[in-house]
1. Can you give the charge dipole size of region 88-196 about its Cα centre, rounded to the nearest 20 debye, using +1 on the beta carbon of Lys and Arg and -1 on the beta carbon of Asp and Glu?
2. In a GNM of the chain with a 10 Å cut-off on Cα contacts, which of V203, V93, V227 has the highest mean-square fluctuation?
3. Return the long-range amide H neighbours of L72 (sequence gap of 5 or more, or a different chain), with a cut-off of under 5 Å between placed amide H atoms.
4. For the chain, report the accessible area per residue in Å² (1.4 Å probe, heavy atoms, rounded to an integer).
5. Could you check how much of the accessible area of the chain is carbon and sulfur, as a whole percent, using a 1.4 Å probe?
6. Test of the criteria: in region 1-90, which trypsin sites (Lys or Arg not before Pro) are in a DSSP loop and have at most 15 other Cβ atoms within 10 angstrom of their Cβ?
7. Net charge within 10 Å of C173 by Cβ-Cβ distance, Lys/Arg positive one each and Asp/Glu negative one each, not counting C173 itself?
8. Roughly how many nanometres apart are two label points built 7 Å out from the Cα toward the Cβ at S205 and R189?
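The values are calculated or read from the model by the stated rules, or taken from the named source; none is laboratory data. Since this is a predicted model, take the numbers as computed values, not measurements. Methodologically, a virtual Cβ is constructed for each residue, glycine included, from the backbone with ideal geometry; neighbour enumeration extends over all protein chains shown. Keep in mind that these areas ignore ligands, DNA and RNA; they rest on the heavy atoms of the full protein, side chains included. Shrake-Rupley method; radii C 1.70, N 1.55, O 1.52, S 1.80 Å.
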Amino acid sequence: MPLTPELLLNAKLRLLQMHYEGGTGHIGGNLSCLDILMALYHNVLGPLDKFVLSKGHSAGSLYITLWSLGLLSDDDLKTFHKDGTRLSGHPPVHGIPEIPFATGSLGHGLSLAAGLALAKKLKGGKGRLFCLTSDGEWNEGSNWEALIFSRHHRLNLTIIIDQNGLQGMGRTCDIADMEPLVDKFRAFRLQTMEVDGHDVEAVTSALRRVEEGPVAVVARTKKGCGVSFMEGLFEWHYLPLSPESYQQAVEELTNPCATRSVTLS
């Protein structure tokens, strides 16, 4: 199903509704990567490809993307983050065929994706692995080990970095500065592209690029993208939506001129 602006807007509105009704946080990081996931699943991912979400706290955006493809229902989304649900706050270990691993302990998804890519290569299988990481996640040494492993074995793996510049305790540059990330990936001799992570055409073009061996796509994004009172604030790594903030967020996504201040609580 080709990705249209209407489909993307509906996904963002449904993401807000699901998080509001679930009473849970992490909405900022979900909005920073939803454009990427929608572009990947609607425009790029083929039947022989696989995806691993390493930044597991953005499971909501993955659920919404699967919903947009008809792979999850509205009834499923209504159970998000509730007792007995398949749709936990981080990807579940079982129950959703499109999700191969439970992730959320940051720094491990890339190693899992690399393992799948190596298995595919050893079996002579077709298709490519895609893995979405956060930028703060690259503080983890396990990611660099997976990168060395992937480059050495020339795995068919596309590594996507959601570079929103924020992590759980503040700005990534203040906690453990890794800039410029693109230069570090190039130092490992990876084909590396830097794109606007909210430009669906640019993201699609980058993700469609196929090289022999791993590829890195550094996507510059905004935490809380599209909602003025969320953008660039690490607090929205945690805060749930109040009735007032939910209504304002919906108004801003449907009418970008409808901005006003919202009190954080």
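1. On the way: 11 positive and 12 negative charges, 180 e Å.
So the magnitude is around 860 debye.
2. V93
3. Those lying under 5 Å, H to H, from L72 are W67.
4. Details: 11550 Å² over 265 residues.
Per-residue accessible area for the chain comes out at 44 Å².
5. Values: 6240 of 11550 Å².
The nonpolar share, carbon plus sulfur, comes to 54 percent.
6. On the way: sites: K12, R14, K50, K55, K78, K82, R86; in loops: K55, K78, K82, R86.
Answer in residue order: K78, K82, R86.
7. Working: positive: R171; negative: D135, D174, D177, E179.
Charge balance in the 10 Å sphere: -3.
8. So the two model labels end up 2.8 nm from each other.
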